[in-house]
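J.: Mind having a look at this structure? Questions to follow.
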Amino acid sequence: MYLYSFAKTVVYGILKPIYRFEVIGAENFPKEGGILLCSNHIDNLDPPVVGINAPRPVNFMAKEELFNLPILKSILPGVRAFPVKRGMSDRDALRRAIKLLKDGEVVGLFPEGTRSKDGQLGKGFSGAGFFALRGEANVVPCAIIGPYKPFKRLKVVYGDVIDMQPYRERKASAEEVTEVIMARIAELLEQYKRNN
């Protein structure tokens, strides 16, 4: 936890003067309970930007290869990253994410799975809905509104919590829940892009 707080302070100190973050809706973030934080994905800096601006520590999946690099393999676990094998169903990573959510932690996810090349919101993979339903967590939608240009304002918007209980009660599919999440992210992008 100490390393996470230290890294968050350092990274924030580096990025804040460059990208002039404007954080909107931080008060929407629940102070406790499992939360799946779902954001659009426009840049490689999205994970640290979402993480350092969130009111609570965020756990992110990171590609397994990074954990084989000499320096990163000792740092990544300390900043709440855990490995995932890309291109296949990684059961260990799935179980880890679900356990974190059930334990009341925050797990960050980019439902599109990869960065958008044109900045437009793409289709979300059903994994987002799967984690929200199986992890017994609610969802906080997030919109990053760029572009990432030095000394230009970058908005990080946290939307209202999406209560997953009604979806669990009627046994909604992961695909349906993912569509709901992506629609909320799209609404945030539309609402706040106007003033960017």
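J.: Which residue pairs have Cβ atoms under 6 Å apart, sit 6 or more places apart or on different chains, and have a first residue in the range 56-73 that is in a loop (DSSP other than H, G, I, E, B) and a second that is not basic (Lys, Arg)?
T.: That search, which allows pairs on different chains as well, returns Arg56/Val106; Pro57/Tyr4.
J.: Being part of a helix (DSSP H, G or I) and over 17 Å from the mean Cα position of the chain (by Cα) is the filter here, so list the residues in the range 136-186 that pass it.
T.: Residues satisfying the conditions are Gln165, Pro166, Tyr167, Arg168, Glu169, Ala174, Glu175, Glu176.
J.: Let me ask another. Taking the conditions exactly as written (part of a helix (DSSP H, G or I), open to solvent by less than 30 Å² (accessible area, probe 1.4 Å) and not hydrophobic (A, V, I, L, M, F, W, C)), does Gly129 satisfy them or not?
T.: When the stated conditions are applied, Gly129 passes them.
J.: On to the next question. Restricted to the range 19-39, and to residues that are of a type in the set (Phe, Trp, Tyr) and not in a strand (DSSP E or B), which residue is nearest to Gly129 (Cα to Cα)? Don't jump to the end; show me each part of the working.
T.: Initial filter on the range 19-39 (of a type in the set (Phe, Trp, Tyr)): 19, 21, 29.
Now narrow it down to the ones that are not in a strand (DSSP E or B): 19, 29.
Working: Tyr19: 31, Phe29: 19 Å.
Applying the filter and picking the extreme gives Phe29.
J.: Let me ask something else about it. Please enumerate the residues belonging to the range 90-121 that are touching a residue at least 60 places away in the same chain (Cβ under 8 Å) and buried (at least 17 other Cβ atoms within 10 Å of the Cβ).
T.: Of everything in the range 90-121, those that are touching a residue at least 60 places away in the same chain (Cβ under 8 Å) and buried (at least 17 other Cβ atoms within 10 Å of the Cβ) turn out to be Leu100, Leu101, Glu105, Val106, Val107, Gly108, Leu109, Phe110, Pro111, Glu112, Leu121.
This table checks each residue for (1) buried (at least 16 other Cβ atoms within 10 Å of the Cβ); (2) of a type in the set (S, T, N, Q); (3) free of Cβ contacts under 8 Å to residues at least 12 places away in the same chain.
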residue: Thr9; (1), (2), (3): no, yes, yes
residue: Tyr19; (1), (2), (3): yes, no, no
residue: Val23; (1), (2), (3): no, no, no
residue: Ala26; (1), (2), (3): no, no, no
residue: Phe29; (1), (2), (3): yes, no, no
residue: Gly33; (1), (2), (3): no, no, no
residue: Leu36; (1), (2), (3): yes, no, no
residue: Asn40; (1), (2), (3): yes, yes, no
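The values are calculated or read from the model by the stated rules, or taken from the named source; none is laboratory data. Note that the structure is predicted; figures quoted are calculated from it, not measured. Counting neighbours? That spans all protein chains shown, and the Cβs are built from the backbone with ideal geometry, glycine included. Heads up: the accessible areas ignore ligands, DNA and RNA and are worked out on the full protein's heavy atoms, side chains in. Shrake-Rupley method; radii C 1.70, N 1.55, O 1.52, S 1.80 Å.
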